[in-house]
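Here is the structure we will look at.
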Ligand SMILES: Nc1ncnc2c1ncn2[C@@H]1O[C@H](COP(=O)(O)OP(=O)(O)OP(=O)(O)O)[C@@H](O)[C@H]1O
Ligand SMILES: Nc1ncnc2c1ncn2[C@@H]1O[C@H](COP(=O)(O)OP(=O)(O)O)[C@@H](O)[C@H]1O
Ligand SMILES: [Mg+2]
Ligand SMILES: [Mg+2]
Ligand SMILES: [Zn+2]
């Protein structure tokens, strides 16, 4: 087979909160989970390496605090990484580390090459601005200037995520949780990014609403052939969406593989506990 | 087409500190275009073999060589997840007794999608999906319904239709006819014969020896791995 190039490659991404000390900055550090008992530094992500390929959905599971959101926020430049490299095929053919780019370059990557959907819609949307202007905001940030085009594109997206057009001028705060997630998805897609990051996007929604949002995600992936990283602590979500799955614990990747393999033949003790619901 | 050499599979349950030997030292070969039937008592490791070929289980040791049309000869035990996904998409099908459905996806869409992901046009996918559903006598009134509400037999026929529509080079069948009535079984048999005719290689597990009669070129009998019990 032709050697497949990942669309996104993360190498040894680490993110720590705190400066570290002589206890925790040595190879065999004594940590409590991801936490240094001596200096209180949190090692939220440690040496995380990921390849994401075009058109695939990569799942990330792990317990609360395992570093999933930190990883997503680091990728989206909401947080600055402590160390590590990231390469995007669509950014200088993957020849430049995205984490060491200028603020302007990072904004370009974030707005044009990535889309983010947060668990908490308040992080992704201006709740009291109209939905259509929320969507247009990302298009403007990605360089769109033509108002007519932006309105057309926003309406097309709202239609795609099943928000009635007659409600496009309403602010997200008027909407149900499921609708807010739909607006976030529309916004994230508005600049046609090749990669979408989704962090617990169905958590806290009613089951039937969850199902419709998951269905929307699957449909988008199929129709747009977009690559996605889907973070969830819910294995049912991962089973339904992800081709491959990564398991995180205490900031590190402990197991990865085909989703059905992870779920039916988990190798690591922690993954077994997760899958057999022993936690 | 498939060459299995000294395949061993263990399941280790860490929190019980126990290991189960599910498959011990199995070797066999399946020629291109032939049908190998696997029989054996419940728990003898039949499904484990199929799932090891399909990449769902990670064998402990041994090799599974597969002659891929697109990847050349490849050892499925050491193939990367991306390679396995590629093979599942274009070459290897798997049918079990269970249908996994997507919410809000109709029976027709489910079969269409199987083809769409391989890159065929919507028109062609639509046409072939309808042909296949017709072949399996899935009532036309069900095509645009959600399979969650189908009867066991309807689900099974849909499940097989979805795999067969892609005309896989290698088809793995894990008791897909377990709860079918005779008429449906006959349909499945017919369609397996048709696939065989088209050159598909098949490995199938069937309870029903009568069903396998005349269909299989060879039958492989599994004996329970000498020690098939969790060992501390
Ligand atoms: N700004 C911060 N300052 C200090 N520690 C932080 C900060 N943000 C995250 N952490 C810590 O980093 C670790 C990883 O947090 P993160 O939010 O990535 O977890 P998560 O896997 O997304 O969990 P959940 O499933 O609960 O969302 C946690 O121990 C958390 O307390
Ligand atoms: N995912 C699994 N985890 C743990 N044990 C398993 C798993 N799958 C199969 N086994 C065990 O492996 C043995 C062989 O099972 P299986 O291959 O399903 O048998 P068969 O299909 O011949 O009835 C059984 O003892 C079964 O309990
Ligand atoms: Mg989180
Ligand atoms: Mg079985
Ligand atoms: Zn420390």
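Bear in mind these aren't lab numbers, they're just calculated from the coordinates by the rules spelled out. As the structure is a prediction and not an experimental result, all values here were calculated from the model. Glycine also receives a Cβ, built like all others from the backbone with ideal geometry; neighbour counts cover every protein chain displayed.
Summary table
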quantity	calculated
222 nm mean residue ellipticity, helices alone, for chain B (DSSP H n ≥ 4; -39,500 (n - 2.57); rounded to 500)	-10000 deg cm²/dmol
Cα-based helix-to-principal-axis angle, B:122-135 vs chain B, degrees rounded to 10	80
Size descriptor, Kirkwood hydrodynamic radius, that averages inverse alpha-carbon separations across the stretch B:71-172, Å	14.2
FRET efficiency, 1/(1 + (r/R0)^6) with R0 60 Å, evaluated for residue B:16 and residue B:197 via beta carbons	0.80
Cα-Cα P(r), the stretch B:62-129, percent of pairs per 10 Å interval	18, 39, 31, 12, 0
Nearest 10 degrees, 0 to 90: helix A:177-189 Cα axis against chain A principal axis	90
Convex hull volume per residue in cubic angstrom - Cα atoms of the protein assembly as shown	168
Neighbour-count ranking [beta-carbon atoms within 10 angstrom, fewest first] of B:21, B:15	B:15, B:21
Per-residue Cβ neighbour rank within 10 angstrom, fewest leading, B:130, B:38	B:130, B:38
Separation between Cα centres of the stretch B:48-102 and the stretch A:19-66, rounded to whole Å	32
Cα-only radius of gyration and Dmax that characterise the stretch A:1-124, units Å	15.8, 50
Using alpha-carbon coordinates, inclination of helix B:107-116 to the longest axis of chain B, degrees	70
Potential lengthening between residue B:75 and residue B:224 on full extension [0.36 nm per residue; Cα-Cα distance subtracted]	51.1 nm
Centroid-to-centroid separation of the stretch B:142-178 and the stretch A:199-225 [C-alpha atoms, Å]	25
For chain B, the Rg and Dmax computed from alpha carbons only, in angstrom	18.0, 56
Sites residue A:173 and residue B:120, calculated FRET efficiency, Cβ-Cβ separation with R0 41 Å, nearest 0.05	0.40
Sorted by Cβ density within 10 Å, fewest first, the residues A:240, A:122	A:122, A:240
Radius ratio Rg over Rh of chain A, counting only Cα atoms, Kirkwood formula for Rh	0.98
Shielding score for A:265-277, defined as the mean number of other chain Cβ atoms within 10 Å	3
Rg(Cα) / (2.2 N^0.38 Å) computed for the stretch A:82-199, rounded to two decimals	1.11
Estimated 222 nm signal from helices in chain A, with DSSP H stretches of n ≥ 4 weighted -39500 (n - 2.57), rounded to 500	-9500 deg cm²/dmol
